[in-house]
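Below is one structure, written out as structure tokens; the observations come after it.
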Amino acid sequence: MAAAGRVLLILALMSSVYGLGASLYGVRAGRGEWVDSARRAMYALTGMAAIAFLILDVAFITSDFSYNVVASGSSTTTPFFYRAAAIWSTQQGSLLLWVMLLGFWSSLALFLTRRRVREIVPYAQSVLFGMAIFFTGLNVFFANPFDTSPVPPPEGAGLDPLLRHTTMMVHPPMLYSGYTLLLVPFAFCVGALVSGRLGAEWIAVTRRFALAGWLCLGIGLLLGARWSYTELGWGGYWAWDPVENAALMPWLVCTAFIHSIMIQEKRGMLKVWNASLVLLTGTMAIVGDFLVRSGILSSIHAFVSDPTLNVSFVALITVMVVGSIWLVTWRRDRLTSDHKLDSLISREGVFLIQNLVLVALTAVIFWLTFFPLISEAITGTQTSVGPPVFAHFVVPLALVVVVLSGVGPIIAWRRVTLAKVRRTFAFPVAVGLATLVALALVPGVTQHVFAYLTFGFGAFVVATVAQEFFRGTQARRAMTGESPPAAVVALVQRNRRRYGGYIVHAGVAVALIGVAASTSFQHQRYATLKPGQSVHLDGYTVRYVRPTASATPQKISFGAELAVTKNGRRVTMLHTSYGLYPSLDPMHQIGRFLNTSDGAQTESRVGLDSGALRDLWIVISPNLGPLQKLVSTGDVKIGRALLAAQKLPATQQASELNTIYQLRDILINELAHQFVAHPWASTFLLEVSPLVMWLWVGAIIAALGGLIALWPAPRRSQRGTRLVRRRRVAVPAVDAPDTASEPVRERELV
Amino acid sequence: MTVAYLLILVVLAGAVYLISAPLRTARRSDDARRLAADVDELEAEREAKYREIRDAELDLRTGKLSEADHAAIDQSLRAEAVEILHRLDEAQGAESERIPSPS
Amino acid sequence: MDHGMDPSRKRAIRLTTALTAALLLASALVYTSFASGHDELTASQLLKRARPGKTYVLAGTVLSNSVHRNGGVLLFRVRDPKLKVSVPVRYSGEVPDPFAAGRGVLVDVRKGGTDAFVGQAGTLTTKCPSKYQAASGSY
């Protein structure tokens, strides 16, 4: 079946080439049937990629080690769920996932637009096929997932234990969905620019895919942060690592875009800006994937540097950048604004400032991420900057974005009066100020100025959203007499974009409050403890109750149970452990668990107690020195026995080996027993972090808001037509009240 | 191996059938396609304008706009909507005149 | 809200303000990057250039059979990617789970009193082990 998989990839590549050619031929020759045929080629490509993916996934699930990627990325002892997901832990498998998702989202976009934007679609299709050719080509020529070995190994290398975490298995598909979704608006923007069709249409088609891409990327970022916090054993969730930044940058630019297109929709302004933003978003998505795969920047995530891949990606990014600049410059006459900005004190003014700040934020992160390469180009030496430098610039800019996210919803389009500003700002500003005043009374809070301001601004944003919901519900109830819950539901249903967006703002504000609190007010310490000993941290007493251990031939785990009390009252019990997975070294049956130079792997299980107001976090670094003598003795004994067994006749070998492995298992269990029986000291890293939960909850709220904003609204065009036609009839007497339509009109709009 | 060959054959045959289907049926002319594109664009503009009218109404009801400001904005938006509807009527008329009924 | 000023003058003021802000931000960014950054050096570069009291980022691969623990201190050697040179590092602090001999690491170091370089706590990062790195001879 590996051959079938390879052939399917080649057919997918051929389908992409056909699709590109047919799209361009169809539009240039005015033969629409060729454009339709090309669209179906995208469906075919998706199907082929999906079948190829399935073939490879079955190979992983059945542990078919004749496939090289399966042998390098999985093992018979890897749990089923992780075997099924291990496909994208490899370069080849992850590229195949990219191709499949690109095909899927492109097919969806082309299906939804099969009767719309007819002059844009052929060019958009061509761009999407170009991307498909690139990624499928990489799979076919440089990173073939269907390479096989004639003599498969009896066992695979296994999945890195750090990746055996649910969030880490879902994180790549979410990120890749985000990246590939963002290529859809990119493609349609190119199509609009090439065709010259730069009206409202390409925006209407583009917006939902941009929002979906934003949502998927955001969920991917959140899952990565959660994995880092609960699995990596360093106690944080964001390290400004290049690969983290690679996904954050397109997410920020996309955030700017989904706001600024509203300005184009309402006022016909910022056309050049919007086109540039969406082209930049798509380009940053490819840059993000390049950063992860290329290894050009030192990162804990980056795969090894592959020169062929690097050159290919650089070429693609160059084409995208140069092509984007040329297209926007060529079409600048058709991108002139219909109106000018009257006042910065308006919603469009606030959105514009927010856009500029978001792009500035992206530029800062881009500069600092690539600074090692930039400095090498200038000085000849790679210079890296640490997280404090990022925070120095990112935090103030992020604060501005938070404030604007509160101002934007409560300010009107086009014109604002001072009286209205006073009325709409009074409550949220009062809440923000009250928060700042209350927190100023808490000792130590004001010393962390940015965190303090974040709390106040975050409260301001939440208050604006609450006010919007309250007023909208009141307005609806005044017209319909619905109960408050029914009015809220109907309000959101009829105005999904607006109220979904408000929920996103509230969620982001809550999340940033969590970030500010957990980074500025965290307490952390190392402690070396023997069983029975205690350490104090931020008012908590943590006592090392007893060591724990477990052992199987696949994993040895050394841990600890710790009791946490505060003011003499029991808070929780925490359990943390350090797991060791063996290498494939046949001669050191015990030592191969500890000898990382031969491929042994480790993982930490964090002891975590999460609460609404604080997290208690602990991780162990067990002292394995006292076990070394037992390990060495065991290795020598078993090594000798294995060598002796190899000299036995074949008929006796199997039973002798069985006996030896049973002895091995006894010795492995003895290691665990020794660790538990002796009061050796272990080193712990402890953290008390306030409001971490608010980060996760805020992010979930934001994701829900994004889903609501994304959900298609019921069709309203027929009602809208009747509404305006009635008005058109009344145009000669525009000042006369149109009482016949008033009741309909009011019910229509809220 | 037989299963693999069979799979490839089925997929290839299916893809060829799917991709060639539009080439085997009669299509609309380039003019008809362009007129349809004009109608699509105007319908998108119309929907966007309706959304603006609704949003302005909601801004009034939630206290962000005064009655006088809303009246001015609403009148301007409705006039723009009427203009779009006029152009849409003309485009739809031109489209229905040009396009033969599908065979 | 402002009715007095000529619109084109307003736009000119806004553009000037925005460009000035961008220029200030860019200048601050460039200055801070070069002033606060740490040179990322290989083992051979570190041996040549390291001066006492200055922090450097040592980048390289952990040498096989060089990892030992002495109480709470981790001792290992980092080898140069191209030359047969390695430097000893004494590190006390959080050790990431992926840390192992043969893996790529970054660690902030200062020149210690002895031959070893002293790693700064909390700065040791390790690359994810690659599944498709071309096999190379180790020393």
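Please treat every number below as a calculation from the coordinates, not as lab data. Just so we're clear, the structure is a prediction, and the values are computed from it rather than from any experiment. Don't worry about glycine lacking a Cβ; one is built from the backbone with ideal geometry, like all the others, and counts go over all protein chains shown.
Using the Cβ-Cβ distance between C:Arg49 and A:Met479 with R0 set to 60 Å, the FRET efficiency works out to roughly 0.20.
Under the simplified labelling scheme, the A:Ser149-B:Leu12 pair shows an inter-label distance of 3.1 nm, with each label point 7 Å from Cα along Cα→Cβ. Dipole orientation for the protein assembly as shown: of the candidates A:Phe135, C:Ala101, A:Val688, A:Val688 has the Cα lying most toward the positive pole (charges on Cβ; Lys, Arg +1; Asp, Glu -1).
When you filter the trypsin sites (Lys or Arg not before Pro) in region A:55-137 for DSSP loop state and at most 14 other Cβ atoms inside 10 Å of their Cβ, you are left with A:Arg114, A:Arg115. Note on A:Ala377/A:Trp326: beta-carbon distance plugged into 1/(1 + (r/R0)^6) with R0 of 22 Å gives a FRET efficiency of 0.30. Taking θ as phi - 60° and the Karplus parameters 6.51, -1.76 and 1.60, the scalar couplings of region B:40-51 work out to 4, 5, 5, 5, 5, 5, 4, 4, 5, 5, 4, 5 Hz in sequence order, x denoting glycine and proline. For region A:298-435, the square roots a ≥ b ≥ c of the C-alpha gyration tensor eigenvalues yield an a/c of 1.5 or more together with a/b not exceeding b/c, which makes the shape oblate.
Phi-derived couplings, Karplus 6.51 cos²θ - 1.76 cosθ + 1.60 at θ = phi - 60°, listed residue by residue for region A:275-289: 4, 5, 5, 5, 5, 5, 4, x, 5, 5, 4, 6, 4, x, 5 Hz, with x used for Gly and Pro.
Taking the Cα centre of chain A as reference, the dipole from Cβ charges on Lys and Arg (+1) and Asp and Glu (-1) amounts to some 3080 debye.
Label region A:481-587 by shape, choosing from rounded, prolate and oblate, from the square roots a ≥ b ≥ c of the eigenvalues of the Cα gyration tensor; if a/c is under 1.5 it is rounded, and otherwise prolate applies when a/b is larger than b/c, oblate when it is not. Verdict is prolate for region A:481-587.
Stretched out fully, how many nm does the piece from A:Ala677 to A:Trp711 gain, at 0.36 nm a residue minus the Cα gap? Working it through step by step, the gained length comes to 6.4 nm. The phi torsions of region A:361-376, fed into the Karplus equation with coefficients 6.51, -1.76 and 1.60 and a -60° offset, translate into couplings of 4, 5, 4, 4, 5, 4, 4, 5, 5, 8, 4, x, 6, 5, 5, 5 Hz, rounded to whole numbers, with Gly and Pro shown as x. Model label points for C:Ala21 and A:Arg114, set 7 angstrom from Cα along the Cα-to-Cβ axis, are 4.7 nm apart.
Dipole of region A:204-277, Cα-centred, from +1 at each Lys and Arg C-beta and -1 at each Asp and Glu C-beta, to the nearest 20 debye? Value, rounded to 20: 500 debye.
Please arrange A:Ser74, B:Ser20 by how many other C-beta atoms lie within 10 Å of their C-beta, fewest to most.
Details: A:Ser74 29, B:Ser20 12.
Placing the least packed residue first, the sequence is B:Ser20, A:Ser74.
Viscosity 0.692 mPa s, temperature 37 °C: give me the Stokes-Einstein translational D for region A:613-656 in µm²/s, with Rh taken as the Kirkwood radius over C-alpha pairs. Estimated via Stokes-Einstein, D reaches 233 µm²/s. A:Thr148's amide H: which non-local residues (gap 5+, or another chain) put their own amide H closer than 5 Å, with H modeled 1.01 Å from N in plane and none for Pro or chain starts? Here A:Asn68 satisfy the definition. Taking amide H atoms as placed 1.01 Å from N in the peptide plane, the amide H of A:Thr572 lies under 5 Å from those of A:Val564, each 5 or more residues away in sequence or on another chain.
From helices alone, the protein assembly as shown scores -21000 deg cm²/dmol at 222 nm; the rule is -39500 (n - 2.57) for each run of n ≥ 4 DSSP H residues, then divide by the residue total. Once the Cα atoms are used to define both axes, helix A:387-407 deviates from the longest principal axis of chain A by about 30 degrees. Shape class for chain A: oblate, because the ratio a/c of the largest to smallest gyration tensor axis (alpha-carbon atoms, square roots of eigenvalues) is 1.5 or more and b/c is at least a/b. Can you give me the long-range amide H partners of A:Arg546? Hydrogens built in the peptide plane at 1.01 Å from N, cutoff under 5 Å, separation of 5 or more residues or another chain. Amide H neighbours of A:Arg546: A:Glu561. Distance between the modelled labels on A:Thr565 and C:Arg9, one decimal in nanometres: 7.5 nm (7 Å Cα→Cβ projection). Remark: A:Val445, C:Val89, B:Val3, A:Val58 ranked as B:Val3, A:Val58, A:Val445, C:Val89, counting other beta-carbon atoms within 10 Å and listing the fewest first.
For chain A, the longest principal axis of the Cα atoms and the long axis of helix A:200-231 meet at an angle of about 30 degrees.
Is there a simple number for the mean count of other chain Cβ atoms within 10 Å of the Cβ of residues in C:30-36, and what is it?
Details: counts 3, 0, 5, 11, 7, 2, 6.
Mean shielding by partner chains, rounded to a whole number: 5.
Give, as a single signed number, the net charge of other residues whose beta carbon lies under 12 Å from the beta carbon of A:Glu376, with Lys and Arg counted +1 and Asp and Glu -1.
-2
If you take all other residues with their beta carbon under 10 Å from the beta carbon of B:Ile19, and give Lys and Arg +1 and Asp and Glu -1, the sum is +1. When each of the peptides A:122-134, A:330-342 is scored by the mean number of other C-beta atoms lying within 10 Å of its residues, the order from highest to lowest reads A:122-134, A:330-342. If R0 is taken as 25 Å, the Cβ-Cβ distance between A:Ile700 and A:Gln493 corresponds to a FRET efficiency of 0.75.
Net charge near B:Ala4, counting Lys/Arg +1 and Asp/Glu -1 over other residues with Cβ under 14 Å of its Cβ? It would help to have the intermediate numbers written out before the result.
Details: positive: A:Arg6; negative: A:Asp64.
Surrounding charge for B:Ala4 is 0.
Counting only alpha carbon atoms, the long axis of helix A:166-195 and the longest principal axis of chain A meet at about 30°.
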